[in-house]
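Student: Attaching a single structure in C-alpha cells format; questions to follow.
The values are calculated or read from the model by the stated rules, or taken from the named source; none is laboratory data. Fair warning: this is a prediction, and the values are worked out from it, not measured in the lab. Every residue, glycine as well, gets a Cβ built from its backbone with ideal geometry; the counts of neighbours run over all protein chains shown.
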Amino acid sequence: MTPLLEQVYAPGDFRRQGHALVDQLADYLEACPTLPANPLVAPEDLLSTFRSLLSNNKTKPEDLYELMLRHSLHLHAPAYMGHQVNPPAPLSALGDLLNGIINGSTAIYEMGSTGAVMERLVMEAFANMLGLSSATGGFMTNGGTLANLTALLAARAAKWPEGDAWQAGNGPFRPCVLVNEQAHYCIDRAVRIMGWGEQGIINVPSDEAYKMKTEELDGLIAEARKKGLTPLAIIGSAGTTSTGSFDDLDSIAEVAERHKLWFHVDGAHGGAQYLDPDRRDLVRGMDRADSVIVDFHKTMMTPGLTTGVFFKNGSDAYRTFHQKAEYLLSFDSGEEDWANMGRRTFECTKNMMSLRVFSLLSVYGPEAFRDYLTSVNGIAAHCAVAVRQTPELELAVLPETNIVCFRYHPKTTGLSLEEVNGLNQMIRAQIIQETDFYIVQTKLRGLVWLRCTFTNPMTSRGHVDKMLQEVKARGEAQVAFRSGMPVF
Ligand SMILES: *Cc1c(COP(=O)(O)O)cnc(C)c1O
C-alpha cells in the first residue's frame with residue numbers, strides 16, 4: 001500500500017472527518033427552519049465554483065460539504081413546497097453512511113445478507129401496513145421509474161398470449177396497456193422500452209378531477225382488440241403526478257379481472273396513503289392489484305431512491321427475467337429464493353436501501369409513517385381552504401393528499417387565458433427568485449397552475465398563508481403594472 005492509500009483508508013482521518021460532517025449536518029438542520037428553500041445560482045457559476053476545488057488537491061472535505069449545503073435546495077426548510085421528494089429523516093439518511101462503508105449488494109445473499117433480511121422484513125411489514133397480501137416475492141429497487149418497468153415486465157411474462165417473450169421477443173404480437181392520460185411519463189417510457197411503440201400505450205381520458213374515466217375501459221379494450229392489439233394490463237394511478245388524483249382502483253380491478261388483464265398500481269406518490277386513516281379510502285381496491293409500487297423517498301421519509309415493488313402472487317416476481325445467471329444463482333427452477341434478489345431485480349449491484357426504512361421502523365415504529373402522512377396532508381388541506389377563501393386565487397381540484405394546484409386568477413380584470421397563464425409563470429419565477437419559498441408549476445389542459453407538494457412536516461399553516469400572500473401580492477402588482485396603473 002502506498003503512503004497515499006494509507007491516508008485514503010486511515011480510520012483516524014475518517015473519525016475526524018465523520019464527526020465534523022455530522023456536526024456540520026446537525027448545524028444545518030438546526031438552521032433550516034429559517035433558511036430560504038431555494039438558493040439556486042446559475043449552472044455556469046456553480047460549475048466554476050466547483051471546478052476551482054479540483055485545481056489543486058488541497059480541498060478540505062468540510063469546505064466541499066459546506067459548498068454543497070449552501071447551494072442545494074433545502075428540503076428541510078419549511079418554505080420548501082416544491083417537488084414530491086421528501087426531506088429525509090436524519091436517522092434514515094445516517095444509514096446511508098453505513099451502507100457506503102459496508103457497500104453490500106443484495107443481488108446475492110452472500111454479498112448483502114443483512115440487507116436481504118431487512119428487505120424481506122420491510123416488504124412484509126409494509127405489505128401488512130398497506131393492506132396488501134403479504135406475499136414474499138416483493139423487493140426494493142432504485143426508484144418508481146425502474147419499479148414500474150419491472151412490474152410491467154412481470155405483467156408481460158404472466159399475460160403473454162403464447163410462448164415466452166423473453167426468449168422469442170415480441171414476435172407478431174402488438175401488446176398494449178391502458179393508463180390514465182395523466183399518468184407519470186415513466187409508464188410511457190416503460191412501454192416503449194419493451195418495444196411496443198406508441199400503439200402500446202392507450203391513454204384513457206380523465207374526468208374533471210383528473211381521475212381515469214373507468215367507464216371507458218370496456219370500450220377502449222374492445223376497440224384495441226378490433227385493431228389487432230392485445231391488451232395485457234391496466235395501470236391505476238395512486239395518484240397522478242401533477243394533481244395527485246387517485247384513480248378508482250376498485251373499478252379498475254373489476255374491469256381487469258373480467259378481461260383477465262394484469263392490474264398494476266403506480267402508487268409511487270400515493271400508495272402509502274393507506275396509512276392515513278382519513279385517506280385510506282383513496283386506495284380502496286389496491287389490494288386487488290397484481291403489482292403495486294410505492295416510493296419511500298416521497299412520502300416515507302427516506303433518502304432516494306427507495307422503492308418497494310409488491311406482488312399479489314409472490315411467484316410472479318420470479319417470472320420477470322428468465323435469463324440464466326448460474327454463476328450468481330444456484331438454481332433456475334423458478335421457485336422462491338427470497339434471499340438472492342438478483343433474480344428479481346434489474347440491478348446486479350444494489351445497495352442495502354432497506355436499512356433506510358428498517359431503521360425508522362425499528363426505532364420509531366409504524367406510527368411515525370402515519371404521523372408523517374397525516375401532518376403533510378393536513379398542511380395541504382389548510383392550503384386548499386386558504387386558496388378557496390381568497391377570491392383572486394383558484395383551485396385546480398380539491399387536493400386528496402399533499403399536492404395542491406392553484407393559480408392567481410382575478411375574475412374582474414378580463415384577462416385572456418394566455419394572459420392568466422403568463423401571469424402565473426411570472427409569479428412562479430418571482431416567488432423563487434424574490435422570496436424564501438420554493439414552489440413549482442404545471443400545465444393542465446392548456447392552463448398553467450402553481451403547484452405545491454407539502455412534504456415537509458415542519459411547514460406550518462403560517463408558512464402556507466405567507467406563501468399565498470406573496471403569490472397574491474405579485475399577481476396584483478403584475479396586473480396593476482399591465483394596466484398602466486401605479487403599483488404603490
Ligand atoms: C415520482 C413518480 C414516479 C417516478 O418515480 P421515481 O422514483 O422518481 O423514479 C412514477 N409514478 C408516479 C405516480 C410518481 O409520482
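Student: Quick one: in the stretch 249-266, which of the residues that are touching a residue at least 40 places away in the same chain (Cβ under 8 Å) and within 16 Å of the ligand (Cβ to nearest atom) is nearest to Ala224 (Cα to Cα)?
Tutor: The extreme case among them is Ile252.
Student: Against the condition at negative phi and in contact with a strand residue (DSSP E or B) (Cβ under 8 Å, 6 or more places away or on another chain), how does Lys411 come out, does it pass?
Tutor: No.
Student: Quickly run through the stretch 335-384 and pick out the residues that are closer than 18 Å to Asn402 by Cβ and among the acidic types (Asp, Glu).
Tutor: Listed by number, the list holds a single entry, Asp371.
Student: Picking from Gly267, Gly285, which residue would you name as being at pLDDT 95 or above, in contact with a Leu (Cβ under 9 Å, 6 or more places away or on another chain) and within 20 Å of Arg120 (Cα to Cα)?
Tutor: Within the list Gly267, Gly285, the selection yields Gly267.
Student: Look at Gly304 and say whether it is of a type in the set (Gly, Ala, Ser) and within 16 Å of the ligand (Cβ to nearest atom).
Tutor: Spelling it out, Gly304 is indeed of a type in the set (Gly, Ala, Ser) and within 16 Å of the ligand (Cβ to nearest atom).
Student: So, in the stretch 1-50, how many residues would count as being surrounded by 13 or more Cβ atoms within 10 Å (Cβ to Cβ), under 29 Å from the mean Cα position of the chain (by Cα) and among the small types (Gly, Ala, Ser)?
Tutor: So the answer is 2.
Student: When you scan the stretch 87-102, do you find a residue that is surrounded by fewer than 16 Cβ atoms within 10 Å (Cβ to Cβ) and farther than 24 Å from Thr299 by Cα, even just one?
Tutor: yes
Student: Follow-up. With the requirement that a residue be of a type in the set (S, T, N, Q) and either at positive phi or within 16 Å of the ligand (Cβ to nearest atom) (or both), what does the stretch 113-152 give you?
Tutor: Taking the stretch 113-152 first, the residues of a type in the set (S, T, N, Q) are 113-114, 128, 133-134, 136, 141-142, 145, 148, 150.
Thr141, Asn142, Thr145, Asn148, Thr150 - these are the residues of the stretch 113-152 that are of a type in the set (S, T, N, Q) and either at positive phi or within 16 Å of the ligand (Cβ to nearest atom) (or both).
Student: I've got another one for you. Are any of the residues in the stretch 280-296 more than 15 Å from Phe369 (Cβ to Cβ), within 12 Å of the ligand (Cβ to nearest atom) and of a type in the set (Gly, Ala, Ser)?
Tutor: Checked against the condition, which is being more than 15 Å from Phe369 (Cβ to Cβ), within 12 Å of the ligand (Cβ to nearest atom) and of a type in the set (Gly, Ala, Ser), the stretch 280-296 yields no hits at all.
Student: As an exercise: evaluate Pro161 against (1) assigned to a loop (DSSP other than H, G, I, E, B); (2) within 30 Å of Ala272 (Cα to Cα) and give the number of the one condition it does not meet.
Tutor: (2)
Student: Would you point out which residue out of Asp248, Asp218, Asp188, Asp207 is at pLDDT 95 or above, acidic (Asp, Glu) and within 27 Å of Gly314 (Cβ to Cβ)? Walk me through it before giving the result.
Tutor: Working: Asp218 fails: within 27 Å of Gly314 (Cβ to Cβ); Asp188 fails: within 27 Å of Gly314 (Cβ to Cβ); Asp207 fails: within 27 Å of Gly314 (Cβ to Cβ).
Sole residue among the options that is at pLDDT 95 or above, acidic (Asp, Glu) and within 27 Å of Gly314 (Cβ to Cβ): Asp248.
Student: What number of residues in the stretch 398-414 are surrounded by fewer than 22 Cβ atoms within 10 Å (Cβ to Cβ) and of a type outside the set (S, T, N, Q)?
Tutor: Residues flagged as surrounded by fewer than 22 Cβ atoms within 10 Å (Cβ to Cβ) and of a type outside the set (S, T, N, Q) within the stretch 398-414 amount to 5.
Student: Tell me which residues, restricted to the stretch 220-255, are closer than 15 Å to Pro175 by Cα, buried (at least 24 other Cβ atoms within 10 Å of the Cβ) and among the small types (Gly, Ala, Ser).
Tutor: The one that is closer than 15 Å to Pro175 by Cα, buried (at least 24 other Cβ atoms within 10 Å of the Cβ) and among the small types (Gly, Ala, Ser): Ala233.
Student: Moving on to the next point. Evaluate the following for Ile193: is it of a type in the set (A, V, I, L, M), under 21 Å from Thr145 (Cβ atoms), surrounded by 15 or more Cβ atoms within 10 Å (Cβ to Cβ) and touching a Leu at 6+ places or on another chain (Cβ under 9 Å)?
Tutor: Taking the combined requirement at face value, the residue does not satisfy it.
Student: Could I ask something else about it? Would you please name the residue that is surrounded by the fewest Cβ atoms within 10 Å (Cβ to Cβ), looking only at residues in the stretch 164-177 that are part of a loop (DSSP other than H, G, I, E, B) and modelled with pLDDT of 85 or more?
Tutor: Within the stretch 164-177, the subset part of a loop (DSSP other than H, G, I, E, B) is 164, 169-174.
If we keep only those that are modelled with pLDDT of 85 or more as well, we get 169-174.
Values: Gly169: 10, Asn170: 15, Gly171: 13, Pro172: 7, Phe173: 19, Arg174: 15.
Within the stretch 164-177, the match that is surrounded by the fewest Cβ atoms within 10 Å (Cβ to Cβ) is Pro172.
Student: Residues of the stretch 51-64 being among the aliphatic types (A, V, I, L, M) and over 29 Å from the mean Cα position of the chain (by Cα), which ones?
Tutor: Matches in the stretch 51-64: Leu53, Leu54.
Student: So, in the stretch 267-278, of the ones that are within 13 Å of Ser245 (Cβ to Cβ) and in contact with a helix residue (DSSP H, G or I) (Cβ under 6 Å, 6 or more places away or on another chain), which residue ends up surrounded by the most Cβ atoms within 10 Å (Cβ to Cβ)?
Tutor: Applying the filter and picking the extreme gives Gln273.
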